[in-house]
Amino acid sequence: MPLPWTTPSSGLLSGSILHWQPVADLENGRIIGMEALLRPETGSPTSVLSEIDKTNRWKIFTKWEMERIIEDLAKISFDRSFFVFFNLSPKQCVSEWVLPTLLAFPDLAAPVIEITEEAATEEHLKQLGRMRREAGALIAIDDFGTGHSNIDRLLDLPVDFVKIDRKLIQTTSGPDQCLVEGVIRGIRTMDVPLLGEGIENEIHARFAREIGCLTGQGWHFGKPMPIGKLGALIASKGIPSAKWGQEPG
């Protein structure tokens with residue numbers, strides 16, 4: 001469904017696109033979702049987002065991002081429920097473009113808004129609550145295990161997923177593994193589904209399963225790729241073969 005405000009992008013975002021990284025069920029490898037990731041024509045995603053922040057162009061970027069998400073979702077078909085993950089900063093959450101985008105999602109596509117626990121301000125949470133009520137959006141805490149992760153803080157947030165940072169998932173041996181397992185045990189008391197990030201091989205996937213992750217993403221399941229390529233993967237019954245983890249985005 002096209003949005004009424006769709007216009008060509010220009011300037012900083014000219015030539016930029018979204019790539020999508022598969023999110024897989026760790027039990028069977030089936031693709032059950034995808035995450036939107038910025039791929040600028042020039043520069044890195046980090047440098048472009050830094051420039052957007054410095055020049056306070058979050059409104060322009062949010063409009064661009066929402067348009068691209070809806071355009072890409074229209075290019076694939078869903079025969080089952082499918083999670084669509086994307087990041088929103090606090091400055092984006094107050095944007096007028098977000099709620100109409102969520103309401104325009106295809107019926108079987110479930111929006112999952114990724115936030116960081118440190119960024120969850122009172123106003124941020126107010127806007128997220130509205131998106132949950134009016135558009136059925138789900139909320140994921142991104143990169144848990146970085147910065148000052150606080151399990152008590154998670155209890156205050158309306159969380160549907162906790163995404164475990166790659167640094168924890170890739171700590172598969174040595175004394176730090178016990179520390180990781182202890183942190184994860186604390187999160188599991190919340191009874192919130194865990195998603196492991198940065199899964200690059202079967203060892204990481206096995207460790208993620210052992211600590212209680214039900215889903216995961218990383219090069220083991222597929223690098224970020226254009227929506228058409230991911231659509232073909234979904235159409236092939238959602239089971240990634242080795243080539244999807246090896247080919248460049």
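The values are calculated or read from the model by the stated rules, or taken from the named source; none is laboratory data. Model, not experiment: these values are computed from the prediction. Backbone-built Cβ (ideal geometry, glycine too); neighbour counts: all protein chains shown.
Things to note:
- Any chance Glu96 is among the acidic types (Asp, Glu) and at pLDDT below 90: yes
- In region 177-190, the residues that are under 10 Å from Gly145 (Cβ atoms) and modelled with pLDDT of 75 or more reach residues that are outside any helix (DSSP H, G or I) and not small (Gly, Ala, Ser) with C-beta atoms within less than 6 angstrom, at least six apart or across chains, in these pairs: Val180/Thr171; Ile184/Ile211; Ile187/Val162.
- Any hit, region 105-123, residues being over 30 Å from Thr189 (Cβ atoms), outside any loop (DSSP other than H, G, I, E, B), under 14 Å from the mean Cα position of the chain (by Cα) and modelled with pLDDT of 90 or more: yes
- Of all the listed residues (Glu67, Glu96), the sole one being out of contact with any Pro (no Cβ under 7 Å at 6 or more places or on another chain) and touching a residue at least 40 places away in the same chain (Cβ under 8 Å) is Glu67.
- For the criterion of being in a helix (DSSP H, G or I), at pLDDT below 90 and surrounded by 12 or more Cβ atoms within 10 Å (Cβ to Cβ), Gly249 fails.
- Filter pass, Glu134 being of a type outside the set (S, T, N, Q), at pLDDT 80 or above and surrounded by fewer than 14 Cβ atoms within 10 Å (Cβ to Cβ): yes
- Scan of region 192-233 for residues that are under 20 Å from the mean Cα position of the chain (by Cα) and of a type in the set (D, E, K, R), ordered by number: Glu197, Glu200, Arg209, Lys223, Lys229
- Of the residues making up region 179-215, just one is part of a loop (DSSP other than H, G, I, E, B), over 19 Å from Leu157 (Cβ atoms) and among the acidic types (Asp, Glu), namely Glu200.
- Qualifying residue in region 38-55 (condition: part of a strand (DSSP E or B), aliphatic (A, V, I, L, M) and either closer than 24 Å to Pro100 by Cβ or out of contact with any Leu (no Cβ under 7 Å at 6 or more places or on another chain) (or both)): yes
- Considered as a group, the residues in region 183-206 that are of a type outside the set (D, E, K, R) and over 19 Å from Pro22 (Cα atoms) include one that is surrounded by the fewest Cβ atoms within 10 Å (Cβ to Cβ), and that residue is Thr189.
- A search for C-beta distances below 6 Å between a residue of region 31-59 that is closer than 13 Å to Lys223 by Cα and any residue that is exposed (fewer than 15 other Cβ atoms within 10 Å of the Cβ) and among the acidic types (Asp, Glu), counting only pairs 6+ apart in sequence or on different chains, returns nothing.
- Across region 38-48, the qualifying residues are those that are out of contact with any Gly (no Cβ under 9 Å at 6 or more places or on another chain) and surrounded by fewer than 18 Cβ atoms within 10 Å (Cβ to Cβ), and the one among them that is farthest from Pro90 (Cα to Cα) is Gly43.
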